[in-house]
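Asks: Once you've had a glance at the structure underneath, I'll fire off some questions.
Each reported figure results from applying straightforward, stated rules to the coordinates on display, with no laboratory input. As the structure is a computational prediction, the values presented were derived from the model and not from experiment. FYI the Cβ positions are ideal-geometry reconstructions off the backbone, even for glycines, and counts take in every protein chain you see.
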Amino acid sequence: MNNREIIARRVAQEFKDGDFVNLGIGIPTLSTAYLPEGVNVILHSENGHYNFGPLTCEEDKDPDSINASGEFCVVRNGGVFFDSTVSFGIIRGGYLDKTVLGALQVDQEGNLANWKIPGRVVPGIGGGMDLVVGAKKVIIAMEHTAKGEKKILKKCTIPLTAMGEVDMIITEKAVFVRENGGLVLKETYPGVTADEIRELTEADFTVDENLKTMSI
Amino acid sequence: MNNREIIARRVAQEFKDGDFVNLGIGIPTLSTAYLPEGVNVILHSENGHYNFGPLTCEEDKDPDSINASGEFCVVRNGGVFFDSTVSFGIIRGGYLDKTVLGALQVDQEGNLANWKIPGRVVPGIGGGMDLVVGAKKVIIAMEHTAKGEKKILKKCTIPLTAMGEVDMIITEKAVFVRENGGLVLKETYPGVTADEIRELTEADFTVDENLKTMSI
Amino acid sequence: MAKIISIKEAMDMIHDGMSIMVAGFLAVGTPEKLIDALVEKNTKDHTLIAISTAYPNKGSGKLVVNKQIKKAIVSHIGTNPEAGRQYINNELEIEFVPQGTLVERIRCGGFGMGGFLTPTGVGTEIEEGKQRITVDGKDYLLEKHLRADVAFIRAHKADKNGNLTYRKAARNSNMVMATAADITFVVADEIVEVGDLDQDEIMTPGIFVDYLVQV
Amino acid sequence: MAKIISIKEAMDMIHDGMSIMVAGFLAVGTPEKLIDALVEKNTKDHTLIAISTAYPNKGSGKLVVNKQIKKAIVSHIGTNPEAGRQYINNELEIEFVPQGTLVERIRCGGFGMGGFLTPTGVGTEIEEGKQRITVDGKDYLLEKHLRADVAFIRAHKADKNGNLTYRKAARNSNMVMATAADITFVVADEIVEVGDLDQDEIMTPGIFVDYLVQV
């Protein structure tokens, strides 16, 4: 199992049946492939619709029906189309149960950086800043480090996407939850110790007294 | 011809074919009865529709189809229904060519007072404040005086509806236009002199060098 | 998404002192049966948020007549003499809001915005206590968002996911109020199966709706 | 209300330096024929207002590739490498705006509001130069309205009064951009007679539309 799959499988466990969610491109979207039996989520797409039932992309290439990544998508019975202002009204209005996004950096204050690396071409902001301030729960799904560089920091060093909004971090090695303003290590991958996580993590965190093993 | 009819007939002359307008209750709405041949206006109603062609009320009592005065109204082919935020978006967005409203007081600075008399029960504001700031042209249609009290003043003495938004005043005796920040008397009712208007008007005004007789 | 409940179940969720948005324009678009049930329940001290106090015997006005309203945030009371009577006798507090400002404040409440800038009311009493902000040389008032504990919505058709359509002028404040309350109750002329409504013609996505009330 | 014109008549109204809203999301909902005609006309120094710069060969991106855009106000350029190239070489100025903020700024522009308060961007670079305003204990940024000289809109059906419907995800920024430009050009998949569209299902009232462009 590669890192992406481990993370996606663990993310999938966070969903409850009927959750209304918006998922970033990559691992977050991949997580829907691993939804537990009987769990369906409703996928919101920034460009103006939501789907009931599992997402079906590329199956019916209706030129007017894409998702926010530009893939052709079927919006099933019970789904709805709406305009961009309603779409972001839903986002900012707190209607999303969860959003799952990737990150360049996260820090112990819940700050998130995922849109801009100084000195590189910025692809853009898209809907990310709105999602992170709007969703009830913000889950960051990412590899624990990037080419050996730590990504879970005391303080983000690159421009922020949002301040203090991250609720949970899921990597291939660990699960952190933000509680009372600080990070708490809740789970580690089988065979990985809290000390090993400390080596790979710059942020201060406490270890939950019921530290669990990630079950994937 | 009574005062209401004189004013309504004069107001009707202000409309061009295709004008998109919102008309207050009373004399303003009455004015559509006197539209010149070949002139149709599109009537916007605050509660969320506009009509093409002359307004037809009370003819078809569809319980879901009323105008802003609560009268049952037919919205003809080409008309549209929309929600309140769009209705007031149209108003504030400057899409109305004209609005015609009654007034308690108007002054030489273009201030309007038509919602509140201190010491009396206030019926409310409704959509009036939005209409007056939003419409391209604000026409006040009212009797020149009320029970002998002057209504066209140097400065309104009761709470304002809007500041400096009035473009034109039509009474049964005179027509004023606001030009370069001041009132100009443009027309008088047959047989009424500018001096007589001055007697009935507290506001300072200039008399147009081409002062005309109102043709009703 | 939306759950179908009885009118009794709906009333069980409403308590003294709650703020209530009642959709409708002069009672067109108001779910009268929810109003009637609330009159019967006779809870007190509500804040009413509505375009107007409608009529004494129709729409939100019935709650005023039954003395259930402590404060009304409305644009107009002129069609309900009882509202005027209670107002001058200090039995009813009224916050008059220009109609366009009222519906936009509600939209801000539903859509997660703190407020907006409107030219409406600049230089009038409405400005009192508000910040004036100039943008591109034009003056605006900063108007703040408005939410409620519950909203009473009347739809034309509702599917079982809570997706709604409205009919003609009954739409008015329904669309915006459906987004801005903690609990949104909808009475529909007709409840249909999921899939019966065209996905492009749904006016209120079901995500905004908590309960379809069977009457 | 709306007038039916040819694509040449439409292009005659567009001049160097005008700001242009191009509706669409990754080119879905973009009137490609207006873009192609503008590429051919080859006017310069436009400000582009769009959700993104789309693709090099699709949507608003074609205007970027043809070097007609001086400044782009967008939420994303990642799908158009040429936009990125021009941006790092200082050939193209870009104002990045969070997507929800962008469409709401446009709505304010169309609906006569000076701006609105959003929690999006608080504590980020996006806050620079903006006023932070606290409402009910929560921080918001004051974001200002946005308008354009012209808007390019793609509808599904248009009646001859300019009333519009959109289809599926092609609606996106079309509805809001149709309200916020001095001249609104619409290309519809189909132009129908007045009365052929259901009055309740019209998504953009014709009052917002200046021209239906026949392509």
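Asks: Put a point 7 Å out from Cα along the line to Cβ at B:Arg120; what are the distances to that point in the other copies, in nm, shortest first?
Replies: 6.9
Asks: Given H placed 1.01 Å from N in the peptide plane, which residues other than close sequence neighbours of D:Ile4 have an amide H under 5 Å from its amide H?
Replies: Sorted by chain and number, the residues that satisfy this are D:Leu212.
Asks: Select from D:Thr53, D:Thr79, D:Thr184 the residue whose mean-square fluctuation is largest in a Gaussian network model of chain D (Cα-Cα springs shorter than 10 Å).
Replies: Highest fluctuation of the listed residues: D:Thr79.
Asks: Give, as a single signed number, the net charge of other residues whose beta carbon lies under 10 Å from the beta carbon of C:Thr47, with Lys and Arg counted +1 and Asp and Glu -1.
Replies: Numbers: positive: C:Lys70, C:Lys71; negative: C:Asp45, C:Glu93, C:Glu95, C:Asp149.
Net local charge, C:Thr47 excluded: -2.
Asks: What ranking of A:Lys155, C:Lys62 emerges when the number of other C-beta atoms within 10 Å of each C-beta is taken as an exposure proxy, fewest first?
Replies: The order, fewest Cβ neighbours first, is A:Lys155, C:Lys62.
Asks: How compact and how long is the protein assembly as shown, expressed as Rg and Dmax of its alpha-carbon atoms in Å?
Replies: 28.5, 104
Asks: Okay, moving on. Under a GNM of chain A (C-alpha, springs under 10 Å), which listed residue has the highest mean-square fluctuation: A:Glu71, A:Glu143, A:Glu46?
Replies: Of the options given, A:Glu71 has the highest mean-square fluctuation.
Asks: Extent of the stretch A:51-191 along each principal axis, from alpha carbon coordinates, in Å, largest to smallest?
Replies: 45, 37, 30
Asks: For peptide C:120-130, what's the mean number of Cβ atoms from other chains within 10 Å of each residue's Cβ?
Replies: Working: counts 16, 8, 7, 8, 14, 6, 7, 2, 0, 0, 0.
Averaged over the peptide's residues, the number is 6.
Asks: Same structure, new question: B:Lys136 label points, 7 Å along Cα→Cβ, one per copy: pairwise distances from this copy to the rest in nm, shortest first?
Replies: Computed spacing set for this position: 4.8 nm.
Asks: Does anyone have the angle between helix A:3-12 and the longest principal axis of chain A? Alpha-carbon axes, 0 to 90°, nearest 10?
Replies: So the inclination is approximately 70 degrees.
Asks: Over 25 Å between C-alpha atoms is what I'm after, so list which of D:Lys33/D:Lys160; A:Lys98/C:Lys168; B:Lys212/D:Lys3; A:Lys116/A:Lys151; C:Lys138/D:Lys3 land there.
Replies: Violating the 25 Å limit, Cα to Cα: A:Lys98/C:Lys168; B:Lys212/D:Lys3; C:Lys138/D:Lys3.
Asks: How about D:Lys41: which aspartates and glutamates have a C-alpha closer than 13 Å to its C-alpha, ignoring those fewer than 8 places off in the same chain?
Replies: Leaving aside aspartates and glutamates fewer than 8 places away in the same chain, those within reach of D:Lys41 are D:Glu9, D:Asp12, D:Asp16.
Asks: Springs between alpha-carbon atoms under 10 Å, Gaussian network over chain A: tell me which of A:Lys116, A:Lys61, A:Lys16 tops the mean-square fluctuations.
Replies: A:Lys61
Asks: Lys/Arg Cβ at +1, Asp/Glu Cβ at -1, dipole of the stretch A:11-119 taken about the Cα centre: which of A:Ser45, A:Tyr34, A:Thr99 is farthest positive-ward?
Replies: Farthest towards the positive pole: A:Thr99.
Asks: Determine, for B:Phe205, A:Phe82, D:Phe25, the number of other Cβ atoms within 10 Å of each Cβ, and report the residues in order from fewest to most.
Replies: Exposure proxy ranking, most exposed first: B:Phe205, A:Phe82, D:Phe25.
Asks: More than 20 angstrom separation, counting every C-alpha pair in the stretch D:8-80; what % is that?
Replies: Looking at the stretch D:8-80, the distances longer than 20 Å represent 16 percent of pairs.
Asks: Percent antiparallel among DSSP beta bridges with both residues in the stretch B:1-116, to the nearest 5?
Replies: Numbers: 10 of 15 bridges.
Counting only bridges with both partners in the stretch B:1-116, antiparallel ones make up about 65 percent.
Asks: Kindly give the distances from A:Asp208 to its copy-mates, label point to label point, with each label point 7 Å from Cα along Cα→Cβ, as nm values to one decimal ordered shortest first.
Replies: 8.0
Asks: When DSSP beta bridges are limited to those with both residues in the stretch B:68-162, what percentage is antiparallel, rounded to the nearest 5?
Replies: 45
Asks: State the residue of chain A whose Cβ is nearest the axis carrying A onto B, and the distance in whole angstrom.
Replies: A:Thr85, 5
Asks: If you wrap a convex hull around the C-alpha atoms of the stretch C:1-122 and split its volume per residue, what is the figure in Å³?
Replies: Measuring per residue, one finds 119 Å³ for the Cα hull of the stretch C:1-122.
Asks: Over chain B, calculate the relative contact order: mean separation of alpha carbon pairs under 8 Å at least 6 apart, over the residue count, as a percent. Don't skip to the end; give the middle numbers.
Replies: Values: 488 pairs, mean separation 38.6, N = 216.
Relative contact order here is 18 percent.
Asks: While we're here: Can you list residues from other chains, or at least 5 along the same chain, whose modelled amide H is less than 5 Å from the amide H of D:Asn163?
Replies: Counting only residues 5 or more places away or on other chains, the set is D:Gly206.
Asks: Here's another thing I want to ask about it. Of all DSSP beta bridges located in the protein assembly as shown, what percent are antiparallel, nearest 5?
Replies: DSSP beta bridges in the protein assembly as shown are roughly 45 percent antiparallel.
Asks: Quick one: D:Glu93, A:Glu199, D:Glu201, fewest Cβ neighbours within 10 Å first, how do they rank?
Replies: Working: D:Glu93 13, A:Glu199 8, D:Glu201 16.
Starting with the residue having the fewest Cβ neighbours, the order is A:Glu199, D:Glu93, D:Glu201.
Asks: Could you give the C-alpha radius of gyration of the stretch C:97-215 expressed as a fraction of 2.2 N^0.38 Å, taking N as the number of residues it contains?
Replies: Cα-based Rg divided by the globular estimate yields 1.25.
Asks: For chain C, would you read off the P(r) tail past 31 Å as a percentage of all alpha carbon pairs?
Replies: Tail of the P(r) past 31 Å holds 20 percent of the pairs.
Asks: Follow-up. Using only the alpha-carbon atoms of the stretch B:17-118, report the extent along each of the three principal axes, biggest first, to the nearest angstrom.
Replies: The Cα atoms of the stretch B:17-118 stretch 42, 33, 26 Å along the principal axes, largest first.
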